[in-house]
Amino acid sequence: MPVPETDEELVRRARAGDAEAFGGLIERHQKTVASFLLSMFHDPDAAEDAAQEAFLKAFRGLGRFEGRSSFKTWVSRIALNEARSRLRWAKLRSWLSLDAPRGDDDGSSWEERLRSARPGPAEDEELEKKLDLERAMAALSPREREIAALRLEGYSLGEIAQSLEVSEGTVKSTLFSATHKMRKRLS
Amino acid sequence: MNCRALQEDLWSSWPRAEVGPEAEAHARSCAECARELDSFRALCARSSTKGGEPLSWDKSLPGDGRWARLAASTRKRLLEPARRSAPVWAPALAAAAAGLALFLIARPVPKPATDVPMAAAEQLEFFEHLDLFENWDAVRAMPGGAP
């Protein structure tokens, strides 16, 4: 059985122009990136679109990747910046009334879209638990929400610190205030 | 282990309910930390799957092949020439244009230039007050006056 290539090996091959090697990095990390973006956008299509754009930007900017952090945290940083830009733009558009208002943090439409996509009752319980959690996360500041979303997608404290370019101490203290707000909201 | 150290460690391991033996021992002898530990475990339970894994979107969304489709679509776009991305610079450009328009409207308008050549001003004054020169003798007496 062949040993799977490490991210570093795939990055090295991709930098040499091997798009197939970059495809391996997409397979490995895009799902996680799109998942935490879903907690920011509350719209599966918008999250997937931003995740795709982040990976395309990473591919084009691979020459600037110095390898001081892991590929995962580097591409997560690109994705977070992409998401923040898009959210700012969406906010401005809605402020200028260019877009029709849509259901958002208070629940409504996006939750219904997700519920209608579930295949059966086995998934109901986990999805409802997740939606409860997302409603509690709506009380968090943008930074707290980013950290909580990354944590729920399995990022370590160190990976979050690298993705957000902050210290691990900052991640810990932000997580402390975030979990206390969530606890209050869920009780 | 003191209360502060226990609580910091506890919450930074969320959503995994990982509690070390030292923290467990401390909580047994401290009512406040015991309550904190219960609260932590309750939140972890609400943030995890039945199997104790963090409740990621991957675990809560139906596995309908969405990630495979996304990966395939991204791979396809890798090979396309670079496309123009969403115009995230447009708000900045709009703000700059609005700022420039405001500046042009509100800036102080400079007064028209008043530095008319002195000789022309004197001539103009002379003709405007020609009636003062009815005394043609005086006019004739002026240097370069009428003959």
**Item:** Within the range A:151-187, considering residues that are in a loop (DSSP other than H, G, I, E, B) and of a type in the set (Ser, Thr, Tyr), the one farthest from the other protein chains (Cβ to nearest Cβ)
**Value:** A:Ser167
**Item:** Residue in the range A:124-141 that is surrounded by the most Cβ atoms within 10 Å (Cβ to Cβ), counting only those that are touching a residue at least 40 places away in the same chain (Cβ under 8 Å) and part of a helix (DSSP H, G or I)
**Value:** A:Glu134
**Residue list for the range A:24-36, filter: touching a helix residue (DSSP H, G or I) at 6+ places or on another chain (Cβ under 7 Å), within 9 Å of chain B (Cβ to nearest Cβ) and crowded, with 19+ Cβ neighbours inside 10 Å** = A:Ile26, A:Gln30, A:Lys31, A:Ala34, A:Ser35, A:Phe36
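Each value in this text was obtained by applying a stated rule to the coordinates, not by laboratory testing. None of the values given here were measured: they were computed from a predicted structure. Glycine gets a Cβ as well: all are built from the backbone with ideal geometry, and neighbour counts include every protein chain shown.
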